[in-house]
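Participant: Take this structure, written in structure tokens, and hold onto it; I'll ask about it next.
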């Protein structure tokens, strides 16, 4: 039975053998991660204005603090998604910021597609990466492979140690039986 660590579970993407699918997955991840960065930069450009117009408007507490959280989630999470490192946690944080953005747009304009479309597209992409991980061409996939090899190596070492211990015990018992020691 193969032991999978929680970190391996987080990092290991759903894998398909179709290379074109993996390339498309990678392109989507890189594009959505790269283009998301400017949102965090825009927030930091005038954090007080963003806090008042968006965070205070929807009634969240600590608007300046939450504005910084949103900005740094976008500034740190988006590049992590782009390179495929800790993709699921980063995408989850970005999905949360897009959920808040969608809520704000609904409060301001109702279910108006022009207001919702960009945040909804981002949210859908980040939901995809939260569920599916980064794909085969990512740092997460490399890290998951390495962790899996390490776990298998530890299991093999334990197996060899137990086998050696068993063989030593069996030979000691055979020696005792042969010498008549009881």
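Participant: Could you grab the relative contact order for the stretch 1-98? Cα pairs under 8 Å, six or more apart, rounded to a whole percent.
Facilitator: Rounded, it is 31 percent for the stretch 1-98.
Participant: Further, regarding this structure: Taking only DSSP H segments of four or more residues, each worth -39500 (n - 2.57), what value at 222 nm results for the chain once the sum is divided by all its residues, to the nearest 500 deg cm²/dmol?
Facilitator: Dividing the helical sum by the residues of the chain leaves -27000 deg cm²/dmol.
Participant: Helix 87-109 versus the longest principal axis of the chain: what is the Cα-based angle in degrees, 0 to 90, to the nearest 10?
Facilitator: 20 degrees
Participant: Expected output is a single nm value to one decimal: the length gained when fully extending between residue 107 and residue 161, i.e. 0.36 nm times separation in residues minus the C-alpha distance. What is it?
Facilitator: 13.1 nm
Participant: Please compute the modelled spin-label separation between residue 139 and residue 31, points set 7 Å along Cα→Cβ, answer in nm with one decimal.
Facilitator: In this crude spin-label approximation the distance works out to 2.3 nm.
Participant: How would 87, 9 line up from fewest to most surrounding beta-carbon atoms within 10 angstrom? Numbers along the way, then the final one.
Facilitator: Details: 87 29, 9 12.
The fewest-first ordering by Cβ neighbours comes to 9, 87.
Participant: Hey, quick one: spin label on residue 38, modelled 7 Å out along Cα-Cβ, who in the stretch 75-99 has an amide N within reach, i.e. under 19 Å?
Facilitator: Residues passing the 19 Å test: 75-83, 98.
Participant: Another question, if that's okay. Counting pairs of alpha carbon atoms under 8 Å apart in space and at least six apart in sequence, what relative contact order in percent does the chain give?
Facilitator: Reported relative contact order: 30 percent.
Participant: Another question, then. Give the Cα extents of the stretch 8-140 along the principal axes, in whole Å, largest first.
Facilitator: Projected onto the principal axes, the Cα atoms of the stretch 8-140 cover 47, 28, 23 Å.
Participant: Between helix 19-45 and the chain, what is the angle of the helix's C-alpha long axis to the longest principal axis, kept within 0 to 90° and rounded to the nearest 10?
Facilitator: Around 50 degrees separate the two axes.
Participant: Please give the helix 139-179 orientation as an angle from the longest Cα principal axis of the chain, in degrees from 0 to 90, rounded to the nearest 10.
Facilitator: So the helix axis and the longest Cα principal axis differ by about 20 degrees.
Participant: Ranked from highest to lowest mean number of other Cβ atoms within 10 Å per residue, what is the order of the peptides 77-84, 155-162, 119-126, 130-137?
Facilitator: In descending order of packing, they fall as 77-84, 130-137, 119-126, 155-162.
Quick note: the coordinates plus some simple rules give every number you see, no bench work behind them. Just so it is clear, the model here is predicted, and its values are computed rather than measured. Methodologically, a virtual Cβ is constructed for each residue, glycine included, from the backbone with ideal geometry; neighbour enumeration extends over all protein chains shown.
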